[in-house]
Amino acid sequence: MKDNRADLSTVKRLRFVLIFALVLFAAVIARLFYMQVINHDFYEQKAAATQMRDKTLYPARGTIYDTNMKPLAISASTEMFVLMGNKVKDDAQRAYIAENISEMLGMEYSEVFKKTQETSSYVVIARGIEKDAADKVRAFIRKNEGFDRMMYFQNDATRYYPYGSFLSHVLGFVGADEQGLFGIEKIYDEELSGTVGRSVTATNPRGDEMPFEYEVYYEAKDGNSLVLTIDEVLQHYLEKNLEIAYKDNKVRQSTVGVVMDVNTGGILAMASYPEFDLNDPFTIADPKIIAAIEAESDPAKKEEEKKDALYKQWNNKAVSFTYYPGSTFKIITASTALEQNVVNENSTFKCSGRYTVSGRSISCWKSDGSHGTQTLGKAIQNSCNPAFMQIGFKIGKENFTKYVGAFGLREKTGIDLPGEAVGLYNLKQDIDLAVYSFGQNFTITPIQLITAVSAVANGGTLLKPYLVKEIVDQNGNTVKSFGRNEVRQVVSEDTSKRMCKLLEDVVTYGTGKNAYVAGYRVCGKTGTTEKIADQIREGRDDLRVSSFIAFAPANDPKIAVLILLDEPMVKPVTGGLTVAPVVRRFLTEAMPYLGVEPQYTEEEMKTKNVTVPNLVGLSLDKADAALKTSGLKSVVRGTGGKVTDQRPAAGSIITNTANVILYLGGTAPDTPVTMPDLSGMTLERAQKTLQSLGLFAKVDGAKGTTGNIIVTKQNVESGQTLKYGDVVTIELSDMDQRAG
Amino acid sequence: MILTLLLLAIGLICLFSASYAEAYYKQGGKSTYFVLRQGLFAVLGLLAMLGASTVDYHKWARVAPHMLIIGIALLASVKVVPSIWKTINGATRWIDIKVATFQPSEVVKFAVIVAFSTAVVILGSERMKKFKTGILPFLIVIGLIGGLLLLEPHMSATIIIALIGISILLVGGASIKQLFMLAGIGVAGIIGAVLFKGDYIIARIKVWRDPFSDPLGKGWQGSQSQIAVGSGGFWGLGLGQSRQKHLYLPEPANDFIFAVICEELGFVFSTLIVILFAALVWRGFYIAKKAGDKFGTLLAVGITVQIAVQVLINMWVVTGLMPITGASLPFFSYGGTSLLMLLAQLGVLLNISRSIPAVGEEKE
């Protein structure tokens, strides 16, 4: 027992171990109390940060369609890359992520690194990622442990323009966050972009949603789609011809064109050339400009120049360019005078080559002589400035200004495009009235002019031009539609009718002859002005804006076309020579497309373009009869009962003044023919030249017995090798049309 | 007995909930995979418990040396025939016997309990007081086993076996002074280790103290476990509603099942489970106190301490009171052979309680 006293008893030792164990259990309970009751909020917040994922749900941007529902801007499905910034460990990891991700996604390292420094749980690193790039990043995430818990991909939609540069200045484009930056994309951004949604979900570390209900979800609403008034076909015709005009005339700035439905105000086509790629808008398209920028050594200046070049590239000149309208404005002056009844078709105006106002002598464009005494019609056809100054004074300053305003030329048209400009108009003195009356010294925009001229064409009603005719939701239901929106009646129906006649004569007999389209009655007016300020700045004297405005058909106008060349360099620069042929080429394609039946006059019937029928297998009599219905004649080679071959081949379109070659027995020779240079030849000589070579012509352009009508364009360059019996296209212009 | 069945039943229910997500993600959607297997072992375990409770516990003394030798041999086989061993998460703790896997450390634990108890009884109180006979031999055995376990590595088993041994020595009459000195040497050893491999250990301590300093890396397990416990709150998210078990928690059906319980059932119920375990431990000590002889007392202490240490390590790890080490929670964690062994040892405990001389107020 002595021993036991020195030591604790077994029972006491047992109790000691038990109490020790119970204390440790009590510690667990205390700890649980601390974590679950006292400090619960801290852990709950940590839990939310870990488990909950707050996602922004981006809606798909609405589609932009042309008038026939052809999609011009669509949303393609891509992915966006999201980083949970709160989970990144340190700067070393940030640098590692930024280095790899920037390379895989083709971004700047500094940009990505900056984003990785954000501590939000939802940092969008990049949007609009294509599958290939996303797959690379996914492989990278798999390779690095723990990365799948801090970064992931989410569905995204990216703007895509299937036709690249088509309609570029009108459509505009979007920025990195799918926000509209220019054009329709900008002005209808709210409609197109839809409503951003949000979802808060509980997810496992892989990013999958947990299999039970625990989320807050606000659905993203896709954007509405737009149906434009633009007709893809007409737009294509316009863009094609603007490009040809740009190249033919070595245009320094750009060519601009607008086509309007005169009865609704709807824009059927609108373009500038050069265009730019909507899928890559931040690349300067013009290699000349790139070279100029590269030549700049100062980096700040370089950046500045680049910015300017981009803005210039995106600029929609149809609404933002302010220029002296020049003689095209005479339509407005003449309409006002008719409406005010201060002149009529029998009024005469004298031109002595100059006209003196307030002691200042202002010369007519025809510097090598004078127009003499002219009727109103002749004055318009001649585009005679002294005559229009006289008309201006008949109208008077007050009424002149009133009507310019009534035609909407002193305010924005309100077209649904951003960046519309208003020109300068400040008529005070007689000298102002004198030059304003022929379109000088005040500025307007192309859209203002075509809108005003459409009013002249449509019976006198000024309409608000528009580009979007319908807004539809994602199910195709119409949300809103737009149509003819009358601003005011500017002139009477009678004035309109009379103006149509006067302007048709401009194309038939006057300065607009080169806009003549066989079979169609086209009204139009030329206009060329000097860019005085630019000439002074650049120290040159050859900077012009040359334009032509037309509408057709004269008896029931449907469309108006304005084409404008900003700084054409091929001389002589006149609306009649430079621009009228461009309008003609456009109308030649557009009128049949619009379903306007050609009505040929007797004169026109003699030289119209016809399709050669198939004659092989017919007897000579029957072949001749078939040709006669098209106004064609034949020459015969060989002897025999039946036609065995023909030139040109069936289906070719040629001018019916040529003789179709019929072979009675045997086939046509297959000899090569070298294309001659026809430029400067009259039609007769050109046809003779072609015929002697065994070639045929389809003839477009100016016709008639007056003026100096010569070949100005051939579709096959001289020296090219053709085959016997081939058909070429030649264009004629009246070289006398030098009026401004 | 009632406590055992209660814990077993609650354990199975909690396992079902905790393993649900794990099975969903990893067993191809068969969410009952784990719980059905565990249930089968529970039935086998109950049979083993009944069987063991009919075996006179004195008989274990005769096989004690053999069990110890076999156990140590099994542990040593990790180096000799590593092919029969299975590695999970970098630790080689399991021997694969095709139908199931089992941990030799479980066998060794029981062997140590029986062997130490037998040895203490044979040595007698006089020799137990002397360091040379009362502590040193035991220390050598613990050192040998601990060394083998650290090869796997298996830190928690090492701690459990050491604490079982020390508890038996303490209750068995070893000199308290000497044991305290031993504890002092142990503390010095830890300090030495910190000085020797300072950076590594300090980093581990830092992550243990604040797992949120590196939540995606080394602190992932700790932070996710603490988030689970803390976010459970007073009443919990409800049975089956744990979010952390969805791949956030490592081993939600095993080492971190208590975290899932805390998250789903809250402070009230998790405290109840702690109390149930404490009551089981108390009951174990009660049997030890009332046992018919010293061998029974020591055997009961060994078994009870084993359960207590196992439970405490698990709960301390889950609540962040100690650094992360892999330890399962008896009755709750998934692991068939462990459960079988546990229930069989409780059968031994039952047999000891039967040996209690009938005095009156007997519960079981």
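The values are calculated or read from the model by the stated rules, or taken from the named source; none is laboratory data. Not measured: the values here are computed from a predicted model. In this analysis, Cβ positions are derived from the backbone assuming ideal geometry, glycine residues included, and neighbour counts consider all displayed protein chains.
See the values below:
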item	result
Candidate set: the stretch A:432-468, residues that are assigned to a strand (DSSP E or B) and in contact with a Leu (Cβ under 7 Å, 6 or more places away or on another chain); chosen: the one surrounded by the most Cβ atoms within 10 Å (Cβ to Cβ)	A:Ile444
Residue under evaluation B:Gly39, criteria (1) crowded, with 19+ Cβ neighbours inside 10 Å; (2) not assigned by TED's automatic domain parsing to the domain that holds B:Leu169, criterion not met	(1)
Top-ranked residue of the stretch B:209-238 - restricted to ones that are surrounded by 17 or more Cβ atoms within 10 Å (Cβ to Cβ), farther than 22 Å from A:Gln93 by Cβ and of a type in the set (A, V, I, L, M, F, W, C), ranked as farthest from the other protein chains (Cβ to nearest Cβ)	B:Leu237
Matching option when the condition is under 30 Å from B:Thr118 (Cβ atoms), more than 8 Å from chain A (Cβ to nearest Cβ) and not basic (Lys, Arg), among B:Ala279, B:Ala308	B:Ala279
Failed criterion for B:Gly266 (all others in (1) at the interface with another protein chain (Cβ under 10 Å from one of its Cβ atoms); (2) at negative phi hold)	(2)
A:Val716 assigned to a strand (DSSP E or B) and at pLDDT 85 or above	no
Leading residue by the ranking (farthest from A:Ile184 (Cα to Cα)) among those in the stretch A:54-68 that are out of contact with any Gly (no Cβ under 7 Å at 6 or more places or on another chain) and part of a strand (DSSP E or B)	A:Asp54
Any hit, the stretch B:156-167, residues being free of Cβ contacts under 8 Å to residues at least 24 places away in the same chain and under 30 Å from B:Lys218 (Cα atoms)	yes
Boolean, A:Ser77 is modelled with pLDDT under 85 and in a loop (DSSP other than H, G, I, E, B)	no
Selection within the stretch A:645-660 - outside any strand (DSSP E or B), more than 34 Å from the chain's Cα centre (by Cα) and in contact (Cβ under 8 Å) with a residue 60 or more places away in the chain	A:Pro648, A:Ala649
Test: residue in the stretch A:340-358 that is under 35 Å from the mean Cα position of the chain (by Cα), at pLDDT 90 or above and of a type in the set (Val, Ile, Thr)	no
Subset of the stretch B:304-360 [in contact with a Lys or Arg (Cβ under 7 Å, 6 or more places away or on another chain) and at pLDDT 90 or above]	B:Gln306, B:Thr319, B:Leu321
Count of residues meeting criterion [away from chain A (no Cβ under 11 Å), closer than 22 Å to A:Phe33 by Cα and outside any loop (DSSP other than H, G, I, E, B)] in the stretch B:316-340	0
Failed criterion for A:Thr78 (all others in (1) surrounded by 14 or more Cβ atoms within 10 Å (Cβ to Cβ); (2) away from every other protein chain (no Cβ under 13 Å); (3) within 30 Å of B:Ser213 (Cβ to Cβ); (4) of a type in the set (S, T, N, Q) hold)	(3)
Any hit, the stretch A:661-681, residues being more than 38 Å from the chain's Cα centre (by Cα), closer than 20 Å to A:Met605 by Cα and in the same structural domain as A:Ala625 (by TED's automatic domain parsing)	no
B:Asp255 under 23 Å from B:Thr304 (Cα atoms), acidic (Asp, Glu) and in contact with a helix residue (DSSP H, G or I) (Cβ under 9 Å, 6 or more places away or on another chain)	yes
Residues that are in a loop (DSSP other than H, G, I, E, B) and either crowded, with 17+ Cβ neighbours inside 10 Å or not assigned by TED's automatic domain parsing to the domain that holds A:Leu695 (or both), drawn from the stretch A:617-644	A:Leu618, A:Leu632, A:Val643, A:Thr644
Count of residues meeting criterion [touching a residue at least 12 places away in the same chain (Cβ under 8 Å), within 14 Å of another protein chain (Cβ to nearest Cβ) and in a helix (DSSP H, G or I)] in the stretch B:171-202	4
1 or more residues touching a residue at least 12 places away in the same chain (Cβ under 8 Å) and closer than 29 Å to B:Tyr248 by Cα: qualifying helices (runs of 4 or more DSSP H) within the stretch A:97-171	A:109-116, A:131-143
Hits in the stretch B:311-345 - residues which are polar (S, T, N, Q) and out of contact with any Leu (no Cβ under 7 Å at 6 or more places or on another chain)	B:Thr325, B:Ser328, B:Ser333, B:Thr337, B:Ser338, B:Gln345
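Results for (1) at pLDDT below 70; (2) in a loop (DSSP other than H, G, I, E, B); (3) within 14 Å of chain B (Cβ to nearest Cβ), shown as yes or no for each residue.
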{"site": "A:Glu178", "(1), (2), (3)": "no, yes, no"}
{"site": "A:Ile184", "(1), (2), (3)": "no, no, no"}
{"site": "A:Leu192", "(1), (2), (3)": "no, no, no"}
{"site": "A:Arg198", "(1), (2), (3)": "no, no, no"}
{"site": "A:Gly207", "(1), (2), (3)": "yes, yes, yes"}
{"site": "A:Glu213", "(1), (2), (3)": "yes, yes, yes"}
{"site": "A:Val216", "(1), (2), (3)": "yes, no, no"}
{"site": "A:Gly223", "(1), (2), (3)": "no, yes, no"}
{"site": "A:Val227", "(1), (2), (3)": "no, no, no"}
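Residues are listed down the side, and each one gets a yes or a no for (1) within 17 Å of A:Leu449 (Cβ to Cβ); (2) in contact with a strand residue (DSSP E or B) (Cβ under 7 Å, 6 or more places away or on another chain); (3) surrounded by fewer than 21 Cβ atoms within 10 Å (Cβ to Cβ):
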site	(1), (2), (3)
A:Leu503	yes, yes, no
A:Val506	yes, yes, no
A:Gly510	no, no, no
A:Thr526	yes, yes, no
A:Ile532	no, no, yes
A:Val545	yes, yes, no
A:Phe548	yes, yes, no
A:Pro553	no, no, no
